[in-house]
1. Name the single residue, out of those in the stretch 180-195 being surrounded by 19 or more Cβ atoms within 10 Å (Cβ to Cβ) and under 19 Å from residue 250 (Cβ atoms), that is modelled with the lowest pLDDT.
2. Looking at (1) closer than 21 Å to residue 228 by Cα; (2) touching a residue at least 60 places away in the same chain (Cβ under 8 Å); (3) touching a helix residue (DSSP H, G or I) at 6+ places or on another chain (Cβ under 9 Å), find the lone condition where residue 126 falls short.
3. Can you find, within the stretch 318-348, the residue that is nearest to residue 167 (Cα to Cα) among those that are exposed (fewer than 15 other Cβ atoms within 10 Å of the Cβ) and among the aliphatic types (A, V, I, L, M)?
4. Could you pull out the residue among 174, 212, 146 that is touching a Leu at 6+ places or on another chain (Cβ under 7 Å) and free of Cβ contacts under 8 Å to residues at least 24 places away in the same chain?
5. Tell me, which helices (runs of 4 or more DSSP H) lie completely within the stretch 209-281 with 3 or more residues that are modelled with pLDDT of 90 or more?
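The values are calculated or read from the model by the stated rules, or taken from the named source; none is laboratory data. From a predicted model like this one, the values you see are computed outputs, not experimental measurements. When we count neighbours, we look across all protein chains shown, and the Cβ atoms used for this are built from the backbone with ideal geometry, even at glycine.
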Amino acid sequence: MIEDDLRAAFARREELTPAVGPVRAAIDRAVVRRRRRRLRLRLAGTAMAVVAAALAGFTAIAPRPPETANLLATPSPTPAGALNVLLLGVDGPADRPYRLADSVLIVHVPADRSRLYLVSLPRDLVVSIPGHGRDKLNAAFLVGAGEPRPDLARGYTLTRQVVSDTTGVRIDAGAVLTYRATRELTDAVGGVSVCLPTTVRSHHTHRTYPAGCQRLDGAAAVDVLRQRFNMPDGALDRDRNAARYAAGLLHRIQEQEVLTNPLLLNRLITKVDSGVVTDTGELSLPALISATGKAAAAEPVAVGLPVRHGEAEELPYGFRLDPALAPGFLDALRADRLGEWAAAHPKQVTGLR
């Protein structure tokens, strides 16, 4: 009797039950939208990684997408005004428990898009790190990323805050980059020409790289980028050689018209390994490429943040801002007048050729 009553009750309410088809279709549409959004995010990260590599001479590791042309073709307003892109070079595997940002670079894109300015910040610059006190700049990434398995996004976020607080410069976008795939990208473009002012003897491979311009393959590029021992100015010379590699890589990619050809860009992306953190801020990838494309056509200008050796009792081998030059330099960077400052201080400009 109970069973008959239940059947009758369900029968009376069956006509109130919504059709299954539309509900299933709505669920499927939601799933597709989420998948497409994840794809766009992965694709933006990958392409920005290659753009960042072209700008800074480091290779980002990002997921491999099935296509690039659709994203690059998406209409997007071109940003006005100057832009600053923060790039962090992090050595070692992603799951290493101890990671430092060995290279810190601000790529300044002026409002007139005349050229790119590669601004190196010494990794040994003594700064204030929130919740950690005074330490070297490269430690900000370690503090933010945490241990035992570092979170690259948190490492980038804290380093970005420290860089902005220290320099007063607005950061519009950025990426965590690694040397791991530099070899692959360098080989993919057929090698990169790097002009060294003095002979470089590798502390790691014992290979010698003579002074002058030379085409480096992937393995050699990684070797040169790692060198700071046996160098007259140590890590500062490594920063300068990174800028020289950046200029060579940028020139090589411009020669092959990679950034203006979606098919070539996609082909290059597929040769880069997986896994990076990128920050596009409020910019889309097409807007970033549009803003930097014209500037990237000219020879970049590489300058280092003016520093002096700090007090030995504070942190050994640390740097502090040069009280004579740093204030004017940072004012020029914030006011988009780096070209004027570089022309007035030619000794602070790194020779790229």
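1. Step by step, filter the stretch 180-195, then rank; the result is 181.
2. Here residue 126 clears every test but (3).
3. So, considering only residues that are exposed (fewer than 15 other Cβ atoms within 10 Å of the Cβ) and among the aliphatic types (A, V, I, L, M), the one nearest to residue 167 (Cα to Cα) is 335.
4. Numbers: 174 fails: free of Cβ contacts under 8 Å to residues at least 24 places away in the same chain; 146 fails: touching a Leu at 6+ places or on another chain (Cβ under 7 Å).
Only one candidate passes the filter, namely 212.
5. Of the helices (runs of 4 or more DSSP H) lying wholly inside the stretch 209-281, those with at least 3 residues that are modelled with pLDDT of 90 or more span 218-226, 235-255.
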